[in-house]
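Novice: Shown below is the structure under consideration.
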Amino acid sequence: MTPNRQATYAALDAWIDQHFDEQVQFLQALVQVPTDTPPGNNAPHAERTAALIQAFGFDAEKHVVPAQEVKDYGMESITNLIVRRPYGQPGSGKTIALNAHGDVVPPGEGWSKDPYGAQIEGGKMYGRATAVSKSDFSTFTFAVRALEAVAKPAKGAVELHFTYDEEFGGELGPGWLLKKGLTKPDLMVAAGFSYEVVTAHNGCLQMEVTVHGKMAHAAVPHTGVDALQGAVTIMSALYAENTKYQQITSKVPGIKHPYLNIGRIEGGTNTNVIPGKVVLKLDRRMIPEEKPAEVEASIRAVIAQAVEAFNRQHGYQGEDAVRVDIKRLLLANAMTPLPGNAPLVDAIQTHGEAVFGEKPPAVGTPLYTDVRLYVERGIPGVIYGAGPRTVLDSHAKRADERLELEDLRRATKVVARSLVDWLG
């Protein structure tokens, strides 16, 4: 490492320190605009983000996903943002994309702090999306600001991709931008945590199972077919699969085995009515070694066998039998590393060790993310950003989500330093 390059890194660190109060206030402003998904009315947050970064001299392109397309998808509004920062002549170097998503799950219950208050206490900021992933709107924006103020790059380009469809799968977020040909970076980094650089992640299959029976008065239950009892049999069969999945282990560090979760159940009309319809929504996490088509076929077979056994046990036939409709809601492929991701990993590990005092390992994660959408198009990508050692520590998708502000400060330094290396 040359003395000049080392001096640049030190100057980047100093700039970030000098502007850190401003960075924290920027994140607070982002957290204070709700983006609960569902229902998924996320355009107002994009407008607020665009207005805030305009004060930094960043012009955000607003790419509005057509309303009917969003509605059919199950959300209310999506405006994705691209901020392009070219340096030097077009084509003079690599384009690096930095992606973070603004949509989040609703707060739920059990909070001791206002989920949209962005309250700071004990060196932590509390609020929904403080860790995942409005934090990295802040990380990436201030890393680019530091880069331009200090390093003054003369070639290549950086793009900020602020998108609003991660919770539903990403197809109308980065997937939409990529499909429309609005961006084609050479390398990309997506929002993550500070103590590891993620190079692989699980896939995810989500399905909706509608169990049909026949409604009847609870006083004469024999005249009906209880869809809920049928659903219980199906759920028991599906949950039993988790025991088998524990024997299927991944070779990717950080990823263990597949898992199936039933996250939502709806059905019935009243307490005195035999349920005629029950809807289950399930989530099946797939390790990188699994083939999605085989996983889906296996789940459908388990459901079919459970229904057949239930009907046989109760003597149900023809119209007086439980039947099911199965609909795939989401198929997110696993992410596996592309050969070109080595410069991403190397820089983050080098600067992570310099800034944090420990080298962040390159690992997989059981989550699924938008990075797969870039990787599927041949764009090498990794996951890195501001956050604690584990999802559990961050309280992401739970009450009292929080972010250590020192993680934010240091991760911003790591990203800014790495940008210098990637842009050459």
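The values are calculated or read from the model by the stated rules, or taken from the named source; none is laboratory data. None of these values were measured; they are calculated from a predicted model. Counting neighbours? That spans all protein chains shown, and the Cβs are built from the backbone with ideal geometry, glycine included. Heavy atoms of the whole protein, side chains included, go into the accessibility calculation; ligands, DNA and RNA do not. Shrake-Rupley method; radii C 1.70, N 1.55, O 1.52, S 1.80 Å.
Novice: Considering each of Thr233, Thr210 in turn, give the residue that is open to solvent by less than 70 Å² (accessible area, probe 1.4 Å), of a type in the set (Ser, Thr, Tyr) and farther than 30 Å from Leu367 by Cβ.
Specialist: Sole residue among the options that is open to solvent by less than 70 Å² (accessible area, probe 1.4 Å), of a type in the set (Ser, Thr, Tyr) and farther than 30 Å from Leu367 by Cβ: Thr233.
Novice: How many residues does segment 268-290 hold that are touching a helix residue (DSSP H, G or I) at 6+ places or on another chain (Cβ under 6 Å) and surrounded by fewer than 19 Cβ atoms within 10 Å (Cβ to Cβ)?
Specialist: Count: 1.
Novice: Sticking with this one: Can you name the condition, by its number, that Lys277 falls short on among (1) farther than 19 Å from Met215 by Cα; (2) modelled with pLDDT of 95 or more; (3) of a type in the set (D, E, K, R)?
Specialist: Here Lys277 meets the rest and fails (1).
Novice: I've got another one for you. Could you say which residue among Gly378, Gly385 is within 20 Å of the chain's Cα centre (by Cα) and more than 30 Å from Ala7 (Cα to Cα)?
Specialist: Gly378
Novice: For segment 88-119, what are the residues that are out of contact with any Leu (no Cβ under 7 Å at 6 or more places or on another chain) and farther than 29 Å from Tyr368 by Cβ?
Specialist: Gly88, Gln89, Pro90, Gly91, Ser92, Ser112, Asp114, Gly117, Gln119
Novice: Looking at segment 112-120, is at least one residue modelled with pLDDT under 95, more than 20 Å from Pro343 (Cβ to Cβ), in contact with an Asp or Glu (Cβ under 8 Å, 6 or more places away or on another chain) and not charged (D, E, K, R)?
Specialist: no
Novice: Does segment 127-161 hold any residues that are part of a strand (DSSP E or B), in contact with a helix residue (DSSP H, G or I) (Cβ under 9 Å, 6 or more places away or on another chain) and not β-branched (Val, Ile, Thr), and which are they?
Specialist: If the condition is that a residue be part of a strand (DSSP E or B), in contact with a helix residue (DSSP H, G or I) (Cβ under 9 Å, 6 or more places away or on another chain) and not β-branched (Val, Ile, Thr), then Ala157, Leu160, His161 are the ones that fit.
Novice: Let me ask another. I want to confirm something. Restricting to segment 184-204 and keeping residues that are open to solvent by 10 Å² or more (accessible area, probe 1.4 Å) and among the hydroxyl-bearing types (Ser, Thr, Tyr), which single residue is modelled with the lowest pLDDT?
Specialist: Thr199
Novice: While we're here: Suppose we keep only residues that are open to solvent by 20 Å² or more (accessible area, probe 1.4 Å) and either among the acidic types (Asp, Glu) or assigned to a loop (DSSP other than H, G, I, E, B) (or both) within segment 251-267. Which one would you say is nearest to Val307 (Cα to Cα)?
Specialist: Glu266
Novice: Further question: Need the failing condition index for Arg417 against (1) closer than 30 Å to Ala237 by Cβ; (2) in contact (Cβ under 8 Å) with a residue 12 or more places away in the chain, just the number.
Specialist: It fails just one condition, (1).
Novice: Would you check if Ile248 is in contact (Cβ under 8 Å) with a residue 24 or more places away in the chain and part of a strand (DSSP E or B)?
Specialist: no
Novice: Give, as residue ranges, the strands (runs of 3 or more DSSP E) completely inside segment 167-222 that count at least 3 residues that are more than 20 Å from the chain's Cα centre (by Cα) and touching a residue at least 12 places away in the same chain (Cβ under 8 Å).
Specialist: The qualifying strands (runs of 3 or more DSSP E) are 203-212.
Novice: Another question about this same structure. Count, please, the residues in segment 271-298 that happen to be of a type in the set (Gly, Ala, Ser) and under 18 Å from Leu238 (Cβ atoms).
Specialist: Number satisfying all stated conditions: 2.
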